[in-house]
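Enquirer: Mind looking over this structure? Questions follow.
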Amino acid sequence: MLFKYILRSSLYNNYHHRYYHRIRDHLSEPEWLQTQHLSGLPIIHEERYVCSLPPNHRFKMKKFHYLYQILLKDEVINEKKQVIRPQQISEEITCLVHTPQYTHTFFNGLTTPKEQRRTGFVWTPGLVSRVRYETGGTLLAGRLSMECGLSCSTGGGTHHAFPTHGSGYCLVNDLAVTARQLLHSGLANKVLIVDLDVHQGDGTAYIFQADPNVFTLSLHCQDNFPFHKQSSDLDVGLRVGIADHEYMKILTDTLPGILDDTQPDIILYDAGVDPHQHDQLGRLKLTDQGLYDRDLYVLKSGVCRGIPVACVIGGGYDDIHKLSARHTIIHRVATVIWNTYL
């Protein structure tokens, strides 16, 4: 299957020739069969990104369902032509990042109450299923972006998970697992993780601190969780209260040099919406337009250099309906980029 971007742009001819025939071997049969109907921006979604939580839990679990429904209602996406359902991540692939002991303990419900409190979740079988589908969705987004140039999941961005434990609502580090699997399979030689969630991706930074094949960039609120920061390849700690103009100035001064210096084969983009001015935990002052401009700049910077970009939604804490609508910004921007450049 040849995607329309090959006919419309010469940007991707070289890497398509290198990668296309290898993608098939890295998709499960159900995933591969679903790609045969694709005719637009690939959207990776699974209703089992959602699991049951206690009432009034701070983590807005139903946002994954609501943001998808908004995308359909607003006709941003076409379910029959664009949506692919991921498979659950395997224990073997998870162990490319997480220790076998932690992976076995979490997958099989052997975590202690203390370990569960650290993550913010009480263990349930549904929680494991949710995490495995979400991680599988990010990996599928990564693989499809190598073929198509751009893709988006409706979940992902669990950047606080460490090899031996979960933390901060993150149980398996989907970004790290995806990066490591793309490298392990030979689909990529250099991965750039652009993490614009308001909180530093401390788990991701720790995992790749000595890995020359993965460059980690984090723009985050300095005076915010986690209060013990790890060292990314480049950390930009932002002061409390910065707004759209200053944020964009910092981003535009930072990203181009990294892209030129690292020459990545793929960008994994965490488009967290918690830098928003109304986020309950963010402490920055970006508007909806600021988030839109941010996402547009990142995607355009990658795509116009011929670098595939795989997007995840990252964090956000607000009224569930306002938050879900905010999370659709990345999909709206990606649709514009797809229709313009691919």
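Rule-based calculations on the coordinates, nothing more; no lab input. Predicted model, so just to flag it, every value in this text is computed and none were measured. Positions of Cβ are generated from backbone atoms using ideal geometry, with glycine treated the same way; all protein chains shown enter the neighbour counts.
Enquirer: Which order do peptides 331-338, 198-205, 97-104, 172-179 fall in by mean Cβ count within 10 Å, highest first?
Expert: Highest to lowest by the protection proxy: 172-179, 198-205, 331-338, 97-104.
Enquirer: Just tell me which lysines come within less than 28 Å, Cα to Cα, of LYS73; anything on the same chain fewer than 8 places away is out.
Expert: Within the straight-line cut-off, LYS73 pairs with LYS4, LYS60, LYS62, LYS63, LYS81, LYS300, LYS322.
Enquirer: Among LEU268, LEU219, LEU183, whose mean-square fluctuation peaks in a Gaussian network model of the chain (Cα, cutoff 10 Å)?
Expert: LEU183
Enquirer: Treat segment 252-316 as a sphere of radius equal to its Kirkwood radius over Cα pairs and apply Stokes-Einstein at 20 °C in a medium of 1.002 mPa s; give the translational diffusion coefficient in µm²/s, rounded to a whole number.
Expert: 169
Enquirer: Can you list, largest first and rounded to whole Å, the semi-axes you get for segment 202-294 by taking the square root of 5 times each eigenvalue of its Cα gyration tensor?
Expert: Taking √(5λ) for each eigenvalue gives 23, 17, 11 Å, largest first.
Enquirer: Does segment 71-175 come out rounded, prolate or oblate by the C-alpha gyration tensor, with a ≥ b ≥ c the root eigenvalues, rounded set by a/c under 1.5 and, if not, prolate when a/b is larger than b/c and oblate if not?
Expert: Prolate, since a/c reaches 1.5 and a/b exceeds b/c.
Enquirer: Go through segment 289-305 residue by residue and turn each phi into a ³J(HN,Hα) via Karplus (6.51, -1.76, 1.60, θ = phi - 60°); whole Hz please, and just put x for glycine and proline.
Expert: Karplus-based 3J(HN,Hα) across segment 289-305 equals 5, x, 5, 4, 5, 4, 5, 4, 5, 5, 5, 5, 4, x, 4, 6, 9 Hz.
Enquirer: Give the relative contact order (percent, whole number) for the chain; include only Cα pairs under 8 Å separated by 6+ residues.
Expert: Dividing the mean separation by the residue count of the chain yields 20 percent.
Enquirer: Work out how much length HIS321 to GLU75 would gain on full extension: take 0.36 nm times their residue separation and subtract the Cα-Cα distance, in nm to one decimal.
Expert: Taking 0.36 nm per residue and subtracting the Cα distance, the gain is 86.8 nm.
Enquirer: Classify segment 145-275 as rounded, prolate or oblate from the Cα gyration tensor: take a ≥ b ≥ c as the square roots of its eigenvalues, call it rounded if a/c is under 1.5, otherwise prolate when a/b beats b/c and oblate if not.
Expert: Judged from the Cα gyration tensor, segment 145-275 comes out oblate (a/c at least 1.5, b/c at or above a/b).
Enquirer: With θ set to phi - 60° and the Karplus curve 6.51 cos²θ - 1.76 cosθ + 1.60, what are the ³J(HN,Hα) couplings of segment 272-278 in order, to the nearest whole Hz, using x for Gly and Pro?
Expert: Taking θ as phi minus 60°, the curve returns x, 9, 6, x, 5, 4, 9 Hz for segment 272-278.
Enquirer: Tally the DSSP beta bridges in segment 5-341 and give the antiparallel ones as a percent, rounded to 5.
Expert: Percentage antiparallel, nearest 5: 5.
Enquirer: So who's got an amide H within less than 5 Å of the one on VAL214, skipping anything under 5 residues away but keeping other chains? H placed 1.01 Å off N, in plane.
Expert: VAL191
Enquirer: Sticking with this one: Specify whether the C-alpha gyration tensor of segment 155-211 places it in the rounded, prolate or oblate class, a ≥ b ≥ c being the square roots of the eigenvalues: rounded for a/c under 1.5, otherwise prolate if a/b is larger than b/c and oblate if not.
Expert: Taking the square roots of the gyration eigenvalues as a ≥ b ≥ c, segment 155-211 is prolate.
Enquirer: Could you state the number of Å between the C-alpha centres of segment 213-286 and segment 115-190?
Expert: Segment 115-190 and segment 213-286 have Cα centres separated by 19 Å.
Enquirer: Convert each backbone phi in segment 138-145 into a coupling constant with the Karplus relation 6.51 cos²θ - 1.76 cosθ + 1.60 (shift: θ = phi - 60°), then list the ³J(HN,Hα) values in order as whole Hz, x for Gly and Pro.
Expert: Calculated HN-Hα couplings, in order: 5, 4, 5, 4, x, 5, 5, 5 Hz.
Enquirer: Expected output is a single nm value to one decimal: the length gained when fully extending between ARG305 and HIS104, i.e. 0.36 nm times separation in residues minus the C-alpha distance. What is it?
Expert: Gain in length upon complete extension: 68.3 nm.
Enquirer: Moving on to the next point. Please list the three semi-axes, largest first and in whole Å, of the ellipsoid equivalent to the chain, using sqrt of 5 times the eigenvalues of its alpha carbon gyration tensor.
Expert: So the equivalent ellipsoid measures 26, 23, 21 Å along its semi-axes.
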